[in-house]
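Participant: Before I ask anything, here is the structure I am working with.
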Amino acid sequence: MSAPSSLGSSSLTAGWLRLGYQSVLFSIAEMRTVHTWRTWLFGWVARLLTQVTFFALIGKFLADDATMQFVLVGNIVALCCLESMIVVLTIAGERRLGTLPLLAMAPTSHVPVYLGRGLHWLASGIASSVIGWLVLPPLLGVPLPWPEALPAMAIILLVALSCYCYGCFLAGLAVRYRSLQVIVLNLGYLPIMAFCGVNVPLSFWPTWLQPVLHLFPLTNGLQAIRTVLAGGTWSEVWPKLALEALVGIGWFALATVSINRVVTKGRADGTLEFGN
């Protein structure tokens, strides 16, 4: 009895790995249609770094170098969040282009198909944050402490994954309400920028609001990064990392439910239509 079960589990794992590999190849191909390495680096990334510099200089103008570094670190990490969440527009675009029914008809689970549609934005976001991390602090005269900056930089990967899962959940809403996809993206991203410790510490906000902010991606990961840069111990850092991972898993579960609901309902009532 155990042999067929083991065989089925192995086949399912192989199928998901094959699907993941195809998603990576598709993401690379799609990214190449959007950017060359020159337009990505000197157009897209340069614009993002200019945005980060703008906020950092405001911090210095209003306060001091310490505030500038606080704002700089927050906005550099927020880049991976911003780009990862473009998955909202990518998945919602499948319905506009008429490819949503074709994805739903694929002879495999539609969940990894949909949730793998924005992997190129996830990778781009991580790369943008890492470039900003290495370039902007010394360029602006507020270098990060080394070697603490290296493990802190590695946490960006976890933050980006968590934000991507959050973006996939929002994408399920955007697919359902196509005319609101840009609003969904902005209403999902702007609260993170405003409230989750990017430009001001969480302690700035009312006490009743602070526990709610820990349910958003980036909040706990950014706190872990700041703790590492401040020379904090591992016992201070790992609970924040664990909470960031749990938040990401939670948003991934909600994204799975959301996408499943859209596809199941669409198959039942024929609303997975082509185009508009």
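The values are calculated or read from the model by the stated rules, or taken from the named source; none is laboratory data. From a predicted model like this one, the values you see are computed outputs, not experimental measurements. Heads up, the Cβs are rebuilt from the backbone with ideal geometry, glycines too, and the neighbour counts pull from every protein chain shown.
Participant: Quick one: Pro201 ticks every box in (1) under 20 Å from the mean Cα position of the chain (by Cα); (2) closer than 21 Å to Ser129 by Cβ bar one, so which box is it?
Facilitator: That leaves (1) as the condition not met.
Participant: List, please: which pairs have Cβ atoms under 7 Å, are six or more places apart or on different chains, and start with a residue in region 238-267 that is within 21 Å of Ala92 (Cα to Cα) and end with one that is modelled with pLDDT under 85 and surrounded by fewer than 14 Cβ atoms within 10 Å (Cβ to Cβ)?
Facilitator: Final answer for the pair search is Lys265/Thr271.
Participant: Within region 174-219, how many residues are part of a loop (DSSP other than H, G, I, E, B), touching a helix residue (DSSP H, G or I) at 6+ places or on another chain (Cβ under 6 Å) and of a type in the set (A, V, I, L, M)?
Facilitator: The qualifying residues number 2.
Participant: When the residues of region 140-162 are filtered to those that are exposed (fewer than 14 other Cβ atoms within 10 Å of the Cβ) and touching a residue at least 60 places away in the same chain (Cβ under 8 Å), which remaining residue is nearest to Pro217 (Cα to Cα)?
Facilitator: Initial filter on region 140-162 (exposed (fewer than 14 other Cβ atoms within 10 Å of the Cβ)): 141, 143, 145-147, 150, 154.
The next check asks that each one be touching a residue at least 60 places away in the same chain (Cβ under 8 Å); those that pass are 141, 145.
Details: Gly141: 29, Pro145: 25 Å.
Checking each candidate, the answer is Pro145.
Participant: Follow-up question, since we're still on this one. Is it the case that region 228-243 has a residue that's more than 26 Å from Arg96 (Cα to Cα) and of a type in the set (Asp, Glu)? Write out each step before concluding.
Facilitator: Filtering region 228-243 down to residues more than 26 Å from Arg96 (Cα to Cα) leaves 228-243.
Next cut, of a type in the set (Asp, Glu) only: 236.
Yes, because at least one residue in region 228-243 is more than 26 Å from Arg96 (Cα to Cα) and of a type in the set (Asp, Glu).
Participant: Has region 3-16 got at least one residue that is under 27 Å from Glu94 (Cα atoms), modelled with pLDDT of 65 or more and of a type in the set (Val, Ile, Thr)?
Facilitator: No - not one qualifying residue is present in region 3-16.
Participant: Then there's this: Suppose we filter Ile225, Ile259 for residues that are farther than 24 Å from Arg176 by Cα and among the β-branched types (Val, Ile, Thr); which single one remains? Working first, answer last.
Facilitator: On the way: Ile259 fails: farther than 24 Å from Arg176 by Cα.
Just one listed residue meets the conditions, Ile225.
Participant: Can you list the helices (runs of 4 or more DSSP H) lying wholly within region 98-145 that have 3 or more residues being at pLDDT below 90, out of contact with any Gly (no Cβ under 6 Å at 6 or more places or on another chain) and over 29 Å from Arg261 (Cα atoms)? Show your work before the answer.
Facilitator: Values: elements: 100-104, 110-115, 119-139.
The helices (runs of 4 or more DSSP H) meeting that bar number zero.
Participant: Of all residues being of a type in the set (A, V, I, L, M, F, W, C) and farther than 15 Å from Glu30 by Cα in region 116-130, which is nearest to the chain's Cα centre (by Cα)? Just the residue, please.
Facilitator: The initial filter retains those residues of region 116-130 that are of a type in the set (A, V, I, L, M, F, W, C), namely 119, 121-123, 126-127, 130.
Filter once more, so that each one left must be farther than 15 Å from Glu30 by Cα: 126-127, 130.
On the way: Ile126: 9, Ala127: 12, Val130: 14 Å.
Among those residues, the one meeting the criterion is Ile126.
Participant: Which residues, taken from region 222-236, are assigned to a helix (DSSP H, G or I) and closer than 27 Å to Phe61 by Cα?
Facilitator: In the first step, residues of region 222-236 are kept if they are assigned to a helix (DSSP H, G or I); the result is 222-229, 234-236.
Selection gives Leu222, Gln223, Ala224, Ile225, Arg226, Thr227, Val228, Leu229.
Participant: For Gly232, which of the numbered conditions (1) within 18 Å of Cys196 (Cβ to Cβ); (2) more than 20 Å from the chain's Cα centre (by Cα) fails to hold?
Facilitator: Unmet for Gly232, out of (1) within 18 Å of Cys196 (Cβ to Cβ); (2) more than 20 Å from the chain's Cα centre (by Cα): (1).
Participant: Could you please let me know if Leu173 is of a type in the set (A, V, I, L, M, F, W, C), modelled with pLDDT under 90 and over 17 Å from Val247 (Cα atoms)? Full working, then the answer.
Facilitator: Working: of a type in the set (A, V, I, L, M, F, W, C): yes; modelled with pLDDT under 90: yes; over 17 Å from Val247 (Cα atoms): yes.
Against the criterion (of a type in the set (A, V, I, L, M, F, W, C), modelled with pLDDT under 90 and over 17 Å from Val247 (Cα atoms)), Leu173 qualifies.
Participant: Step by step: first the residues of region 163-182, then only those that are within 16 Å of Ser258 (Cβ to Cβ) and of a type outside the set (A, V, I, L, M, F, W, C), then the one that is surrounded by the most Cβ atoms within 10 Å (Cβ to Cβ). Which residue is that?
Facilitator: Result: Gly167.
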